[in-house]
Amino acid sequence: MTVKQLRRLHPIFIYRGFSVKYLNNNLTFTADFFVAPNIEFHPQVTIFNVSRAQYQAIPQPVLKNMAFHLGLAEIPSYWKAACSPTIIIEAGNLNKDQLRWWKNFIIEGLGEFFFINQIDFTAGDFLTIKTTDNKSRKLPVLRFTAKTKTTLVPIGGGKDSIVTLELLKSGLPIVLFSLNPTSAAENIIRSESKIKSTIAKRKIDPVLLDLNRRDQPPPAPAVLG
């Protein structure tokens, strides 16, 4: 099936909502996507070993705002399954500048995908992003100051992670962070056992993997993670 046929078959991609679940010291964020007329995606990101005290210290508006934006960041990886002409954001409110930013994020983030699949994304109507005017879901601008000053160091497993870690050791307290850590990242974290670490896992909805095994355009590298 061609991209044009997919776009006609799946004209609208909807970010319907999100949920936050805290269970057994794990914090899980789930996004709810719907691709008209008949596809649902539910990607998840889980942060492990979050104490109850840490969880309760996060204001609920901040937590919801984080969940909302994690869902926004997941959109490109799922939208590319059909390249729907329209994306509708129902999960929260975005102003014009934010809508413009997220459209650019998707188009620029999927440059390799467009190139490999020879997709012309330059037409003015190739992608439109809209948001609903549901005031009950409008998320406020938040200013949240943590009680402790800590430097979060991403650990991917390469030399940049090690250099960054060594440069920052003499500064503020450090917490290591790794998303879906590779064996190399795990080795770095294990070797720095005296430094606190936070591990997160991004779970791809198996429905997307199934679609990619069919005659959909092949997947590009994921934008998040």
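Please list, or write none, the lysines whose alpha carbon is within less than 25 Å of the alpha carbon of Lys130, excluding same-chain residues fewer than 8 places away.
Lys4, Lys64, Lys80, Lys96, Lys103, Lys138
Highest mean first, how do 100-111, 28-39 rank when packing is the count of other Cβ atoms within 10 Å averaged over residues?
On the way: 100-111: 15.1, 28-39: 18.4.
Packing order, densest peptide first, comes out as 28-39, 100-111.
Taking only DSSP H segments of four or more residues, each worth -39500 (n - 2.57), what value at 222 nm results for the chain once the sum is divided by all its residues, to the nearest 500 deg cm²/dmol? Intermediate results must be reported in sequence, preceding the final value.
Details: 8 runs with 80 residues, N = 225.
My calculation for the chain gives -10500 deg cm²/dmol from helical runs alone.
With unit charges on the beta carbons (Lys and Arg positive, Asp and Glu negative) and the dipole taken about the Cα centre of segment 1-140, which residue among Ile89, Leu127, Pro11 sits farthest to the positive side?
Result: Ile89, furthest along the dipole toward the positive end.
Enumerate the aspartates and glutamates that Lys21 could reach by cross-link, defined here as Cα to Cα under 16 Å, with residues fewer than 8 away along the same chain left out.
Within the straight-line cut-off, Lys21 pairs with Asp32.
Determine the principal axes of the Cα atoms in segment 1-90, then give the extent along each, sorted from largest to smallest and rounded to whole angstroms.
The Cα atoms of segment 1-90 stretch 51, 21, 17 Å along their principal axes.
For the chain, with a Gaussian network of springs between Cα atoms less than 10 Å apart, report the residue from Lys21, Lys80, Lys194 with the top mean-square fluctuation.
Lys194
Tell me, what is the per residue accessible area of segment 38-91 in Å², probe radius 1.4 Å?
Working: 2100 Å² over 54 residues.
Roughly 39 Å² per residue, with all protein chains present.
On the Cα set of the chain, report Rg and Dmax in Å, please.
19.2, 57
Please report the carbon-and-sulfur percent of the accessible area for the chain; probe 1.4 Å, protein heavy atoms only, DNA, RNA and ligands left out. Show your work: numbers first, answer last.
On the way: 7360 of 13280 Å².
That share works out to 55 percent.
Show which lysines lie in cross-link reach of Lys169 when reach means a straight Cα distance below 29 angstrom and same-chain residues fewer than eight apart are skipped.
Of all the lysines, those that pass the test against Lys169 - Cα under 29 Å, at least 8 places apart if same chain - are Lys147, Lys149, Lys159, Lys194, Lys196, Lys201.
Could you tell me what percent of the DSSP beta bridges with both partners in the chain are antiparallel, to the nearest 5?
Values: 21 of 38 bridges.
Counting DSSP beta bridges with both partners in the chain, the antiparallel share is about 55 percent.
Debye calculation, C-alpha points only, no solvent: report log10 I(q)/I(0) for segment 51-127 at q = 0.11, 0.12, 0.18, 0.23 Å⁻¹, in the same order as the q values.
Cα-only, vacuum Debye calculation for segment 51-127: -0.38, -0.44, -0.80, -1.13.
The values are calculated or read from the model by the stated rules, or taken from the named source; none is laboratory data. Please read these numbers as outputs of a predicted model, since none were measured by experiment. Note that each Cβ is placed from the backbone with ideal geometry, even for glycine, and that neighbours are counted across all protein chains shown. We work out accessible area using only protein heavy atoms, side chains counted, and drop any ligands, DNA or RNA first. Shrake-Rupley method; radii C 1.70, N 1.55, O 1.52, S 1.80 Å.
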